[in-house]
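Only the coordinates and a few stated rules stand behind these numbers; no lab work does. In this text, all values refer to a predicted model and were calculated from it rather than measured experimentally. Don't worry about glycine lacking a Cβ; one is built from the backbone with ideal geometry, like all the others, and counts go over all protein chains shown.
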Amino acid sequence: MSNHGKTFCLLMSVCFIAATSTAVFAQTGKCSFQQLTFPAPATNGQAVALNDSGAIAGQYFDSKSVSHGFLLYQGKLTSFMFPGSISTGVSDMSSNGIIVGGYTTEDGKGHAYMVHAGGFHEITLPGFPNAAVTVAGVNSNGDIVGNFTTDNVTAPGFLLHNGKLTIISFPGATGGTVPTSINDEGVVVGGFFINLVNTNPAFMWKDGVFSNIKPPDSVPTPFVNATKITNSGAVVGTYEPESGGDGFAFKNGIYTKIGPPAGFEDMSILAGNKFDNILIQATQLGGPVGKTFWFKGFCGAAF
C-alpha cells in the first residue's frame, strides 16, 4: 500500500485441497433480526461492513448522485470522501476501524484506498503500478485482499501483507479468482470461476492452501458467495440451495442454513463479526419492487 517505488517479492499460490470439510451435514439456524435505519445524509445508504465493535460502514448517494462513504458507530454517522475524488465507495472495515474501498477521479479512473484514524492512502500493487485495483477485504493488521486488471485483462486475486504481494489463483480457475474477505488470522475466502455462465463456487485459503466452500444442499452446479470470514472463523454468505433458505454460515465444521426475517425474501448476507452478528439486506414480501431493507442479525444461538 503505497505510491512510492519499492522492491517487493511476488509469490504465486499453488497448493490445493479439493475437499470442503469432514462435516457435510447442514443444520438450520434461526437468528433474531433488528431492522436498521441510517441517519441523514445516509438515510438511503447501502451498508456493506459490520465489525467486532458493532460499527457499520457503507456508502450513500447525495442529491447529485455522488457516492460518499459513511461510518455509523454508537449512533453517530460520519460521512467521508477520498480527498480530490468525485465519488467514494466502501468495501470492508476491520475490527479496529480500518476502511477500504474505491474512489474515482475527474479523469474517470478508478483507484483503491485505505483510511485509518482519518488518514487516507491510495493502494497500489508492487510490480503493477498502473493496474486497476479493486479491494474487497481488510483485517486489523492492514492486510488487504482483492483483485486487479492490467490491459483490460483480469488478473488473479491478491493478498497485500506488509508490502509483499501474493497472487491468489485457484487451480483451474480460468475465469478468475476473486477474494472477498480476510480475517485477523490471515484466512481468506472468496470465489472462483471455471464456467462463467453457470458456475460460481467459493473457496477458503491460507498460506497457499485452498479448500472448497460448498453447503451440502446447494444445487449440483453451485452458486456460493462467501462474503465474509469473521475473527471467530465463521464464514457467512449466500448460496442457491435445492430447497428453502438462501443464507449460510460455516463454523467449526458445520454448515448452517440462515433464512431471512419474517415477511422478507431475497436475503443476502453481506458481513459478520466474531460475536456471530450478521449484516443482511432483503426485500419485503409483496413490498415495493427494488426497495431494499437492512438488518442486523443476532445468530449466537444459531451457529
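Restricting the trypsin sites (Lys or Arg not before Pro) of the range 205-303 to loop positions (DSSP other than H, G, I, E, B) with no more than 16 neighbouring Cβ atoms within 10 Å leaves K274, K291. In straight Cα distance, which aspartates and glutamates are under 19 Å from K76, not counting same-chain residues fewer than 8 positions off? By straight Cα distance, K76 reaches D52, D62, D92. Sparsely packed loop sites in the range 54-123 (the trypsin sites (Lys or Arg not before Pro) outside DSSP H, G, I, E and B with at most 14 other Cβ atoms within 10 Å) comprise K64, K109. Here the gap between N252 and N162, fully extended at 0.36 nm per residue and compared with their Cα-Cα distance, gives a gain of 29.5 nm. Hey, with R₀ at 30 Å, roughly what FRET efficiency would D62 and E265 work out to, going by the Cβ-Cβ distance, to 0.05? Efficiency, rounded to the nearest 0.05: 0.50. Each of I194 and T149 was given a label point 7 Å from its Cα along the Cα-to-Cβ line. The distance between the two points is 2.5 nm.
Please find the FRET efficiency linking H121 to K30, where r is the Cβ-Cβ separation and R0 is fixed at 41 Å, and quote it to the nearest 0.05.
Working: r = 42 Å, r/R0 = 1.01.
Calculated value: 0.50.
Would you mind working out the magnitude of the charge dipole of the chain relative to its Cα centre, with +1 at each Lys and Arg C-beta and -1 at each Asp and Glu C-beta, to the nearest 20 Debye? The partial results should precede the final answer.
Details: 14 positive and 18 negative charges, 63 e Å.
Roughly 300 debye, rounded to the nearest 20.
Cross-link reach is defined here as a Cα-Cα straight distance under 20 Å, omitting same-chain residues fewer than 8 places apart; for K274 the lysines meeting it are K30, K206, K228, K251, K257, K296.
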